[in-house]
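Presented below is the structure to which this report refers.
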Amino acid sequence: MQTIKAAVCHEFGAPLVVEEVQLAAPDMGEVEVTLDAVAICHSDISYAEGAWGGQLPAVYGHEAAGVISAVGSGVSDFSAGDPVVVTLIRSCGTCPSCAGGKPTICETSYNGDGPLRTSDGKPLEQAMACGAFAEKVVVDQRQIVKIPQDLGKDVASLISCGVITGVGAVVNAAQLRPGQDVVVIGAGGVGLNAIQGARIAGARRIVAVDMSEDKLAIAKEFGATHGVLATQDQPWRASYKALGGRGADAVLITVGAIPAYEQAPRYLARGGKAIMIGMPHSGAKASYEPVMLAAVGQGLIGSKMGDVVIQRDIPWMIDLYQQGRLKLDELISGRWSLEQINEAIADTKTGSAKRNVILFNR
Ligand SMILES: [Zn+2]
Ligand SMILES: [Zn+2]
């Protein structure tokens, strides 16, 4: 056990407390990563508000990048000094989902105690198998991917959740073909990445739908060809107009709001697919007219973490960034210290489009 600083949630809805906690050494197949950066994701906020339950006290945080500082036994592909991104995608590699190429929905459950303890030795939940609102994490080696030495850790941290979720949903879940039309509902962190994913995938037209004019303007910087204000009556009519009088081949729902889920099929063309990415709170329900889907061959498809295979997709996305084809720097709205994490979370909750990143100055 070693002592590190972490931002701990003791009570749902209360501010996180930056305090000393204990971290175990990496076990078999695990690595210890000393973090340089962790971004704040809406999922962290939903957890901290109690939207999805879970054990307390807990350490959230799952969009991280850093340098390996120790490896456990049986780790041969990584060594101390390697720069990596850390993801929450823990996969066994052999269950039917993993074997079928979908490690994001690995079927193996991991019931260990986790590597974290409070300073007085009590259980401390490593949320999302990461616990990255902390100076260091100990994670399974399958959760990490090596990155180039010269890649900034602040931009790298974004790749491990928001970028793979948005871009991955376009290429892996929607399987967009060049020339197809796309609607992206929500122009926040994931939405902007779905928009630039659609641009990279060769979409013909990309309609961003959001409640905010400001976010629609930012969406255009990321590749949206049209913007539609969600606050107007029957906003899908404006989308039809933008798409030359028809619906979209793919609609990506990147927010957790139920009205967005219920309206999404309205934006679809015949045979189109709605990809469900945003995570509503547990227990929230949406309703549909099934006949509308059955009669015209439309589909509703759930997508977790962009259905990525991190070892395949993250190196590709880093190349896109380094070639100037994927915007990452522009996704960062603020840089904060761990001590400022509650301010950074409050800023994220104001609905700003982009990501706040915690930097560990070491
Ligand atoms: Zn996330
Ligand atoms: Zn598995």
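Every read-out reported here was derived from the displayed coordinates using simple, explicitly stated rules and does not represent laboratory data. Values in this document were obtained by computation on a predicted structure and should not be read as measured data. Counting neighbours? That spans all protein chains shown, and the Cβs are built from the backbone with ideal geometry, glycine included.
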message = How much length would be gained if the chain were fully extended between Ala284 and Asp113, taking 0.36 nm per residue of separation minus their Cα-Cα distance, in nm to one decimal?
response = 58.6 nm
request  = Would you please give the residues with an amide H less than 5 Å from that of Ala230, counting only those at least 5 places away or on a separate chain, with H modeled from the backbone geometry?
outcome  = Asp210, Met211, Ser212
inquiry  = Counting only other residues whose beta carbon sits under 10 Å from that of Tyr60, what net charge do I get with K and R as +1, D and E as -1?
reply    = -2
ask   = Ranked from highest to lowest mean number of other Cβ atoms within 10 Å per residue, what is the order of the peptides 107-117, 159-169, 319-329?
value = 159-169, 319-329, 107-117
task = Quick one: work out the % antiparallel among DSSP beta bridges in the chain, nearest 5.
result = 55
query = Mind checking which lysines have their C-alpha under 25 Å from Lys285, skipping anything on the same chain fewer than 8 residues away?
reply = Lys273, Lys304, Lys349
key: Long-range HN-HN contacts of Ile358 with modeled amide H, under 5 Å   = Val38, Ala39, Ile40, Trp336
request  = Determine which lysines satisfy two conditions relative to Lys136: a Cα distance under 24 Å, and not lying fewer than 8 residues away in the same chain.
outcome  = Lys5, Lys122, Lys146, Lys153
Antiparallel DSSP beta bridges within region 166-302, percent to nearest 5 = 0
inquiry  = Relative contact order for the chain: what percent, with Cα pairs under 8 Å and sequence separation of 6 or more?
reply    = 17
task = Could you rank the peptides 93-102, 132-141 by their average count of other C-beta atoms within 10 Å per residue, with the highest value first?
result = 132-141, 93-102
ask   = From the Cα gyration tensor of region 166-302, with a ≥ b ≥ c the square roots of its eigenvalues, which class applies: rounded if a/c is under 1.5, or else prolate if a/b is larger than b/c, or else oblate?
value = rounded
ask   = What net charge is computed for the residues neighbouring Glu262, neighbours being all others with C-beta under 13 Å from the C-beta of Glu262, Lys and Arg scored +1, Asp and Glu -1?
value = +1
task = Please give, to one decimal in nm, the separation of the simple spin-label points placed at Glu343 and Gln55, each 7 Å out from Cα toward the Cβ.
result = 3.3
request  = Can you check what the net charge comes to around Glu330, using other residues whose Cβ is under 15 Å from the Cβ of Glu330 (Lys, Arg +1; Asp, Glu -1)?
outcome  = +4
